[in-house]
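Peer 1: Got a structure for you, written out below as structure tokens; questions coming shortly.
Please treat every number below as a calculation from the coordinates, not as lab data. Predicted model, so just to flag it, every value in this text is computed and none were measured. Positions of Cβ are backbone-derived with ideal geometry, glycine not excepted, and every protein chain shown enters the neighbour counts.
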Amino acid sequence: MTRDLHAFFSGTEIAPGARLRLTAEETSGLRPDLHTLTVFGLEEVDLYSLFSGIEVQVVSDSRILASGAAVDFARRMEDGQSVVDVTFSPGLALWEAPISLSLPAGETVSSSMAAVLEATGLNIPLASFTAEDLTISRPQAFFGRAAEALENLAASVSGLLSLSSAGVSVSSDTTPSLVLEEDDLTSAPRRAGGNLLLCCPVAPWSVGNVLKYTWSGIERRGRILSSLIEADSETGPWSAMVELEQII
């Protein structure tokens, strides 16, 4: 098994070849998820680059596993080497963003959400919208937190709201966009309340996407409600856990 893991700060790779460890959980809604990147054995010169970084991006096999704005840095010593823990979040800026916006009657839910996102000035797009796109017959006024406005709009069409590196998504589609073969699963699906947990390869598993998988020769599908990636470029864990709301 090849463990390919790279960290970038504001587009510049940090400590190529160093041991990296990522813990990244993605959940539905816009409450900020906090990810942790641990970088082992940094040289002093690398630390200056690290602390000047703003946007964090962790990549495996040219795929973005996690990204977001740096929130906190903590340096410590472990077995005689410098270790830095970086906490970053993809949604903190949106969670804290205020807006003051009025929209005329006749806007759709998707166009209203796109307008709210534009009003934040954060350049976060409405990446996808697969719920029923209702037309709003009355004028709208938004004042306060943009996240609350987006949550209310998504709830009005019973859509699952999520934020990823691509932007904000609202999903109620049942068409699979991701496929897992039986050999891809490292263990049998497990029940967690009314949902299922799948042990999957390390890859981006974005909330809201519909995943089709096969186990014991039976094909099923479900909507991703949350995901957890634990990836260590050397000897630690290298796995992803996906929580599914079963559709079939």
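Peer 1: Hey, got a sec? Which GluC sites (Glu not before Pro) in the stretch 150-238 land in a DSSP loop and have at most 11 other Cβ atoms within 10 Å?
Peer 2: Passing both the DSSP loop test and the Cβ count: 181.
Peer 1: If you don't mind, there's one more thing I want to ask. Just checking my list (i) 1.36; (ii) 1.03; (iii) 1.11 against Cα Rg over 2.2 N^0.38 Å computed from this structure; which label fits?
Peer 2: Structure-derived value, by its label: (iii).
Peer 1: Now a separate question. Counting only DSSP beta bridges with both residues in the stretch 178-246, what percent are antiparallel, rounded to the nearest 5?
Peer 2: 90
Peer 1: Next question, about the same structure. Please give me the summed charge of the neighbours of residue 211: other residues whose Cβ is under 13 Å from its Cβ, Lys and Arg +1, Asp and Glu -1.
Peer 2: Residues near residue 211 contribute -2 overall.
Peer 1: Taking 0.36 nm per residue of separation and subtracting the Cα-Cα distance, what length does fully extending residue 174 through residue 12 add? Can you show the working numbers first?
Peer 2: Numbers: separation 162, 0.36 × 162 = 58.32 nm, distance 3.81 nm.
Full extension from residue 174 to residue 12 adds 54.5 nm.
Peer 1: Please work out the Cα center distance from the stretch 133-194 to the stretch 203-235, rounded to the nearest Å.
Peer 2: Their Cα centres are 16 Å away from one another.
Peer 1: Under 14 Å from the Cβ of residue 169, count the other residues' Cβ atoms, weight Lys and Arg +1, Asp and Glu -1, and hand me the total.
Peer 2: So the environment of residue 169 carries a net charge of -3.
Peer 1: Over all distinct alpha-carbon pairs, what is the Kirkwood Rh of the stretch 9-154 in angstrom?
Peer 2: Over the stretch 9-154, the inverse of the mean reciprocal pair distance is 17.4 Å.
Peer 1: Let me ask something else about it. How would you order 63-71, 12-20, 84-92 from highest to lowest mean count of nearby Cβ atoms within 10 Å?
Peer 2: 84-92, 63-71, 12-20
Peer 1: While we're here: Looking at the chain, what % of its DSSP beta bridges pair antiparallel, to the nearest 5?
Peer 2: 90
Peer 1: Counting only DSSP beta bridges with both residues in the stretch 96-171, tell me the antiparallel percent, nearest 5. Before the final figure, lay out the partial values.
Peer 2: Values: 12 of 15 bridges.
Once the DSSP bridges in the stretch 96-171 are tallied, antiparallel ones form about 80 percent.
Peer 1: If you don't mind, another one. Given Cβ point charges of +1 (Lys, Arg) and -1 (Asp, Glu) and nothing else, what value in debye, to the nearest 20, does the dipole of the stretch 6-92 about its Cα centre take?
Peer 2: On the way: 6 positive and 13 negative charges, 26 e Å.
The dipole of the stretch 6-92 has a size of about 120 debye.
Peer 1: Something else about it: Work out how far the C-alpha atoms of the stretch 60-101 reach from end to end along every principal axis, then list the three figures in whole Å, largest first.
Peer 2: That gives 54, 27, 7 Å along the principal axes, largest extent first.
Peer 1: Now for a different question. Please report the orientation-averaged projected area of the stretch 117-248, defined via the convex hull of its C-alpha atoms, in nm².
Peer 2: That works out to 10.3 nm², a quarter of the Cα hull's surface.
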